[in-house]
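What follows is one structure encoded as structure tokens, with my remarks underneath.
Nothing in this text is a laboratory measurement; each read-out follows from the coordinates by a stated rule. Since the structure is predicted, the reported quantities are computational estimates derived from the model, not experimental observations. Cβ atoms come from the backbone with ideal geometry, glycine included; neighbour counts cover every protein chain shown.
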Amino acid sequence: MIKHGFRFLSLFLLIFLTVCGSGCSAGTSAGESDSFSPGQTHVLVPSADGKVTTGGDPLLLDFSNADQGYFMGVLKADKKVNIQVIGPDNITYKYFLDTPNQYTAFPFTAGDGTYIILAFENVTGNQYASLFSYTLTVELESEFLPFLYPNQFVNFNEDNEAVSLAAELSADADSDLDALSAVFEYVTANISYDSEKLSNIRDGYLPDIDDTLRTKSGICFDYAALTVAMLRSLSIPARLDIGYSGKVYHAWVTVYIESVGWVERAIEFNGDEWKLIDPTFVSTADDKDAVMDYIGDGENYTLMFVR
């Protein structure tokens, strides 16, 4: 069922539902936010302000902007560290840093509540030693902020080709739904699945959205990260969901539509039900009806992590 040949060039969302978008302006907090504007991107820029920090050498964490939905981390030495985030959903998120002197953003995807941050230093092979732990209570200025800012998994900035492309694709959009359609159509029509890349993928792989655009190829992680980055740059809250499709480890997309809410089944709306945004399967299937039946109402998907 999953091949390179099929290109799903149209969404049916526009036929049945009219909605509008939501989001935030570049470099601003939610209180200064702008909603979706056709052809305009608003890239939020995470920062480490040094007001609330913990750690030091080899790892410094900055929680100055926790209310914006993220914290920052930077290596102060040529080491490899593991950062684990346990939020109010009791899911343990694991992140790795191995590039010194480069700040990286990590999201508070579980929303408001108490978070425990654990830091570990690589000592040899796959063995890590504890560095420190930190506990904080997060009160978000807006529930959407973790899904508008870039982070380690959905990494983008104003200079990315993907951001410029998102502006171009949305130029004639009348709503966030039009923009979603344009982005989704582009990704599914122009990116091919790279089976060879999948077979050679390394541990800790992180998507490069401009590389995906340049090569016009990628794995499910790349499809989802590219789609989410483009939507976030248009002030449309979007999640990169990671889990299982059947028995296959997989990544897909959930998007927020202002007059509907979080839509987990948004490839197609037939007047009764939404279907999941899964750009990988839609892009690579040779039988649209079969893949839509498989995607269905999400019963074949098991969500584990949100990035």
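Between the range 195-222 and the range 162-182, what's the alpha-carbon centroid distance in Å? Using only Cα atoms, the two centres lie 23 Å from each other. With 0.36 nm allotted per residue and the present C-alpha distance subtracted, the PHE132-LYS247 stretch has 37.8 nm of extension available.
Averaging the Cα positions of each part gives two centres, and for the range 75-97 and the range 51-73 these lie 12 Å apart. Put simply, the amide H of VAL52, placed in the peptide plane, has neighbours under 5 Å in PHE63, SER64, leaving out anything fewer than 5 places away on its chain. Of the peptides 174-187, 68-81, the ranking by mean beta-carbon count within 10 Å, highest at the top, reads 174-187, 68-81.
When the alpha-carbon atoms of the range 53-141 are used, the pair Rg, Dmax equals 12.5, 40 angstrom. Segment LYS216..GLU161, full-extension length gain: 18.5 nm, with 0.36 nm per residue of separation and the alpha-carbon distance subtracted. Close amide H contacts of VAL138 (hydrogens built in the peptide plane, cut-off under 5 Å, sequence separation of 5 or more or a different chain): GLY113, THR114, TYR115.
Taking a ≥ b ≥ c as the square roots of the eigenvalues of the Cα gyration tensor, an a/c ratio of 1.5 or more together with a/b no larger than b/c marks the range 105-184 as oblate.
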